[in-house]
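> Attaching a single structure in structure tokens format; questions to follow.
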Amino acid sequence: MTKISVTVNGTAQTHEVEPRQLLVYYLREKLGLTGTHIGCDTSSCGACTVHMDGMAVKSCSILAVQADGCEITTIEGLAKGDQLHPVQEGFKECHGLQCGFCTPGMIMSATDLLQNNPDPTEEDIRHALEGNICRCTGYHNIVRSIQWAAEKMKTSARALDGAPVSTSPVYASVNLNQQQQV
Amino acid sequence: MSTNYIGQSVKRLEDKRFITGKGRYTDDIKLPGMTYASFVRSPYAHARVNSIDTSAAKDMPGVVAIFTGDDIASAGIVGVPTGWQVNFKNGDTMKEPPHPLLVPTGSTVKHIGDPVAVIIADSREAAFDASELVEVDWEELPAVVSALKATEEGAPQVHPDAPGNLAFDWEIGNPIDEVNEAIEQSAHVTTLEFVNQRLVPNAIEPRAYIGHYDEVSDKYTLYTSTQNPHLIRLLMCAFVLGIPEHKVRVLGPDVGGGFGSKIYHYTEEALVTWASKQIRRPIKWTETRSEAFMLDAHGRDHISKAEMGFDADGNIKALRIKTYANLGAYLSTFAPAVPTYLHGTLLQGLYTTPKIHLELSAVFTNTVAVDAYRGAGRPEATYLLERLIDLAALEMDRDPIQLRKQNFIPSFDGVEQPGYQTQVALQYDSGNYHGVLDRAVEMLGYEEFRRLQQESSRNGKLIGVGLSTYIEACGIAPSAVVGALGARAGLYESAQVRVQPTGKVSVYTGSHSHGQGHVTTFAQVVADKLGIAMEDIDIIHGDSDAVAFGMGTYGSRSLAVGGSAIVKSIEKVLEKGAKIAAHKLECSADDLEYAEGKWTVKGTDKSISFGDVALTAYVPHVYPQGLEPGLDFSSFYDPANFTYPFGCHIAVVEVDKETGKVKLKRFIAVDDVGNVINPMIVDGQIHGGLAQGIGQALLEEAIYDENGQLTNGSYMDYAMPRADDLPMFEIERQVTPCPHNPLGVKGAGEAGCIGSTPAVVNAVINALWSGGHKVKDIRMPLTSERVWRAMQSSNSTITQS
């Protein structure tokens, strides 16, 4: 057993873990953070995506011991109290989830994308989601959810700068279909 | 307060827990004293189990118990049953060999992953480590994986009592002599040999079960990632374990997708339930993705020869099909129904074809069971029809739109005009097939359609456009009809509407949501009908102790059947409520009208609210004489017919001339799923279906090698659509209400998956023809290699790469 110290969702944790224990099992079983899911055993589906020191990583391909000294954010730590992260809001507003199983990983990947690219094109979003599989939505509404969140984050940023804030688009009126013409 | 909820894109009530990581799937549940199971599984597709040595495993730290097939057999447990019986053409009962929970020594394993022992330990890791130490003496036997090869003389036998590996043969349609004659008299016959390849459903949540026997109450609890908790309880109690149903509670908590694969009663469900009593501790088993590929029922896997005959004017005169359906090694819960009553009965399509005949051989092989996967039989039927008619248009040099339209069944509403009686047993409820086709073509532009069809190439890319139309039978199903067809259960649904004394409403439904958003859609129906706020309604499902009974969710049935059961109970609530209201308002119930959550005496302003009536029902001091207190009604709804959604899909593709790579550029879908309660949720269902149908056309196939090894059993090897494989979908709806259920709904879960596959393949074939490569067919999935090879041989032989 090896002793590790990690900060998870802002709380310092110290535990003895088996050297072979994957980070995802540490989060789920030791800390009870079951929002991070396991969908495959080949690091392909992205359901286990969390942030490690601010970067999206697949927690099924990282050993818990590798997270020693790191800061981890899971889906449970993304909202600030009752205030959802704009990406979480976007998924609800645009019906970006159905069964919800891939959703935490999708949201963690999308927040990582928007941190690095606040104004992504549809192509950027689809490319950024290559490591996350959804079997329910056909990705259409996931792309729209992330576009919605990007818009909301830009609007919020403008509001902080004192610029006028537009109202949030809703499902019925939002039209972000960027149809590709051949 | 407006309570017109039906037809509104209400945001989902269930979303908050999922987007904050608070969903509760089976693997998230931890019970005190819980143990973990790991299975010892066959590495061979076919092998005799000579002996099993568990002694080293037993000595491992943390191991609680080990069971083998011999333990299960000596407990008198035979195996899991199938839920549908189909007879041979000669009337003999189908072959139904046992499907043991663990294969005993002396017997044979029949597909890779077939289990022979289970290790139960204090931790997941300990169970897995110990399972590696179990020594099995396997005697490998020859295996067969193709349905066609399995029927050949001298093929390895999967089950000794199923000669020729035939589970059953079957036919449907007009007498074969009449169909043969119509084909012979046809001016043109289009012939194709098809492989509708084997698919893996791939719900992202792997199956997970927790069995828990409680000694104090002498009750079992099974948590299971299922689409139908009551069905699992019935099958497991009555047919597998022989334990009384009232001593078993089955819970289906949050379930991470199903697509058919979580309908069936799997051996592991029964095993963890049974074993938890042996060890007096809860047992959890969560499959790995590798196990999911090997064990979860697969879909499709048909090999067909199909011929469509036309007269000189292009009218379809006959359809003749011979299909080999691979059912895998064991008969899964619905397996016999899929290639028969969900496939053969859909061969009328949208066309007036006067003579139709399907002959079917349903075959055992050394592969995992094949059962209903999204669409189930209907995609296979649609694929045959829509590929044939599109190829016929190319061969006869006719416009594929016009050729379809001239053969369409004329519009009928099922009310003024009767339903349409097909040649293959069904009566369609209502339809306007020209409407969806015209609208889909309009969305692309007819001139654009023809221009794209004829355009040969641009920038080294071949451009192609293809369409398909489809009809499906869903809203499954009238019990008497399916009973006559071999179903061993009814296919009604139950609903209880319990009005609480304060006027809040708890609704218990036998439908089960695993992504479909029932909690929102059903609450919209109830809020709209009762004229109360959605916040005052709770939808409860997935618990066999809470819900009276249920047949679950599959076959696009939840709203059409489950929703109708809810409406029936609401009607009973309102009928009794009117009696109470009349008593309180001192009038006759006939003088009352109900709207916006209150009963009003017609023509007056005298009224009483729903909440006041509810309170009166539970505090019956001033109350109609002889009327029982309470306001709580259950209903069972058994549909009068299937429902028949239909639609038209158009795909625009770009094929790289150098590499054969297909890029889907646009996808248009116009679907008619009847009335719509929540357009946002229905859009989502269509999107998801489209992605899976497109996945079949371009990417997906489960590949067993000739020894029965699954060669692509992981997400690294099995190609599913990812975000950058798909465009934004352009979807619209037409509404032709279902005439025989109270909501007028038809069902939307499978539509996208049924229509999209042939549209994409037709588009690729069109691209190749316009580039001078007159290939009749390319076997799905249309990988770059297959398309490239097809382009290299521009003759008109069938490409079967």
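The values are calculated or read from the model by the stated rules, or taken from the named source; none is laboratory data. Note that the coordinates shown come from a computational prediction; the quantities given were computed from them, not determined experimentally. Note that each Cβ is placed from the backbone with ideal geometry, even for glycine, and that neighbours are counted across all protein chains shown.
> Do you know which residues across region B:491-528 are surrounded by fewer than 24 Cβ atoms within 10 Å (Cβ to Cβ) and over 24 Å from B:GLY23 (Cα atoms)?
B:LEU491, B:TYR492, B:GLN496, B:ARG498, B:GLN500, B:PRO501, B:THR502, B:GLY503, B:LYS504, B:ALA527, B:ASP528
> Something else now. Report whether or not B:ALA126 is modelled with pLDDT of 95 or more, part of a helix (DSSP H, G or I) and surrounded by fewer than 22 Cβ atoms within 10 Å (Cβ to Cβ).
Yes; evaluated as a whole, the condition is true for this residue.
> Looking at B:GLY531, B:GLY577, B:GLY542 in this structure, which one is farther than 19 Å from B:LEU631 by Cβ and either of a type in the set (S, T, N, Q) or buried (at least 17 other Cβ atoms within 10 Å of the Cβ) (or both)?
Criteria check complete, one pass: B:GLY542.
> Go through region B:733-774 and give me each residue that's outside any helix (DSSP H, G or I), of a type in the set (Ser, Thr, Tyr) and farther than 30 Å from B:VAL561 by Cα.
Hits for region B:733-774: nothing passes.
> Restricting attention to region A:1-28, which residues are facing chain B (nearest Cβ under 10 Å) and of a type in the set (Asp, Glu)?
A:GLU18
> Every residue in region B:212-225 that is within 14 Å of another protein chain (Cβ to nearest Cβ) and not in a loop (DSSP other than H, G, I, E, B), please.
B:TYR223
> Show the residue pairs that are 6+ apart or on different chains and have beta-carbon atoms under 7 Å apart, the first residue being within region B:659-682 and at positive phi, the second being outside any helix (DSSP H, G or I) and buried (at least 24 other Cβ atoms within 10 Å of the Cβ).
From residues that are at positive phi, the pairs are B:GLY674/B:THR643; B:GLY674/B:PRO645; B:GLY674/B:THR736; B:GLY674/B:CYS738; B:GLY674/B:VAL745; B:GLY674/B:LYS746.
> Now for a separate question. Which numbered condition in (1) touching a strand residue (DSSP E or B) at 6+ places or on another chain (Cβ under 9 Å); (2) within 12 Å of chain B (Cβ to nearest Cβ); (3) within 20 Å of A:GLY131 (Cα to Cα) is the only one that A:MET52 fails?
Exception for A:MET52: condition (2).
> Testing A:LYS80 on (1) touching a Phe, Trp or Tyr at 6+ places or on another chain (Cβ under 9 Å); (2) away from chain B (no Cβ under 11 Å); (3) among the basic types (Lys, Arg), one condition comes back false. Which one is that?
It is condition (1) that A:LYS80 fails.
> Related question: Go through (1) in the same structural domain as B:ILE283 (by TED's automatic domain parsing); (2) surrounded by 15 or more Cβ atoms within 10 Å (Cβ to Cβ); (3) within 34 Å of the chain's Cα centre (by Cα) for B:ASN87 and report which single condition fails.
For B:ASN87, the exception is condition (2).
> List the helices (runs of 4 or more DSSP H) inside region B:414-502, counting only whole elements, that have at least 1 residues being over 26 Å from B:GLU386 (Cα atoms).
B:479-484
> Could I ask something else about it? Condition first: part of a strand (DSSP E or B) and assigned by TED's automatic domain parsing to the domain that holds B:THR711. Can you find one or more residues in region B:377-388 that meet it?
no
> Moving to a separate point now. Quick test of your reading of the structure: A:LEU31 fulfils all but one of (1) more than 14 Å from chain B (Cβ to nearest Cβ); (2) without any contact (Cβ under 8 Å) to a residue 40 or more places away in the chain. Name the failing condition by number.
A:LEU31 satisfies all of (1) more than 14 Å from chain B (Cβ to nearest Cβ); (2) without any contact (Cβ under 8 Å) to a residue 40 or more places away in the chain except (1).
> OK, next. If you check B:GLY349, B:GLY419, which single one turns out to be at positive phi and in contact with an Asp or Glu (Cβ under 9 Å, 6 or more places away or on another chain)?
Exactly one residue qualifies, and that residue is B:GLY349.
> Within region A:58-72, is even one residue at the interface with chain B (Cβ under 10 Å from one of its Cβ atoms) and in contact (Cβ under 8 Å) with a residue 40 or more places away in the chain?
Checked region A:58-72: no residue is at the interface with chain B (Cβ under 10 Å from one of its Cβ atoms) and in contact (Cβ under 8 Å) with a residue 40 or more places away in the chain.
> Follow-up question, since we're still on this one. May I ask you to list the residues in region B:587-622 that are in contact with a Phe, Trp or Tyr (Cβ under 7 Å, 6 or more places away or on another chain) and part of a loop (DSSP other than H, G, I, E, B)?
If the condition is that a residue be in contact with a Phe, Trp or Tyr (Cβ under 7 Å, 6 or more places away or on another chain) and part of a loop (DSSP other than H, G, I, E, B), then B:GLY597 is the only one that fits.
> A further question on this structure: Just a yes or no: is a residue in region B:189-211 more than 14 Å from chain A (Cβ to nearest Cβ) and within 21 Å of B:VAL547 (Cα to Cα)?
yes
> Tell me which strands (runs of 3 or more DSSP E) are completely within region B:623-726 and hold 1 or more residues being out of contact with any Cys (no Cβ under 7 Å at 6 or more places or on another chain) and outside the structural domain of B:LEU444 (by TED's automatic domain parsing), or say none if there are none.
Strands (runs of 3 or more DSSP E) meeting the threshold: B:632-637.
> Still on this structure, please answer the following. From the list B:SER38, B:SER51, B:SER9, B:SER74, pick out the single residue that is of a type in the set (S, T, N, Q) and free of Cβ contacts under 8 Å to residues at least 12 places away in the same chain.
Just one listed residue meets the conditions, B:SER74.
> Quick check on my filter: what residues within region B:705-729 are within 22 Å of B:THR288 (Cα to Cα), buried (at least 21 other Cβ atoms within 10 Å of the Cβ) and either charged (D, E, K, R) or within 9 Å of another protein chain (Cβ to nearest Cβ) (or both)?
Across region B:705-729, the qualifying residues are B:TYR715, B:PRO721, B:ARG722.
> With the condition being surrounded by fewer than 19 Cβ atoms within 10 Å (Cβ to Cβ), I'd like the helices (runs of 4 or more DSSP H) fully within region A:67-161 carrying at least 2 qualifying residues.
So the answer is A:103-116, A:122-128, A:140-160.
> Then there's this: Looking at B:ILE694, B:ILE754, which is the one that is farther than 24 Å from B:LYS305 by Cβ, touching a Pro at 6+ places or on another chain (Cβ under 7 Å) and touching a residue at least 12 places away in the same chain (Cβ under 8 Å)?
Only one candidate qualifies: B:ILE694.
> Being modelled with pLDDT under 95, surrounded by fewer than 23 Cβ atoms within 10 Å (Cβ to Cβ), more than 10 Å from chain A (Cβ to nearest Cβ) and under 25 Å from B:VAL775 (Cα atoms) narrows it down to one of B:GLU658, B:GLU701, so name that one.
B:GLU658
> Also: Tell me which of these B:LEU452 doesn't satisfy, since it passes every other one: (1) farther than 19 Å from B:GLY377 by Cβ; (2) buried (at least 24 other Cβ atoms within 10 Å of the Cβ); (3) modelled with pLDDT of 95 or more.
Tallying (1) farther than 19 Å from B:GLY377 by Cβ; (2) buried (at least 24 other Cβ atoms within 10 Å of the Cβ); (3) modelled with pLDDT of 95 or more, B:LEU452 fails exactly one: (3).
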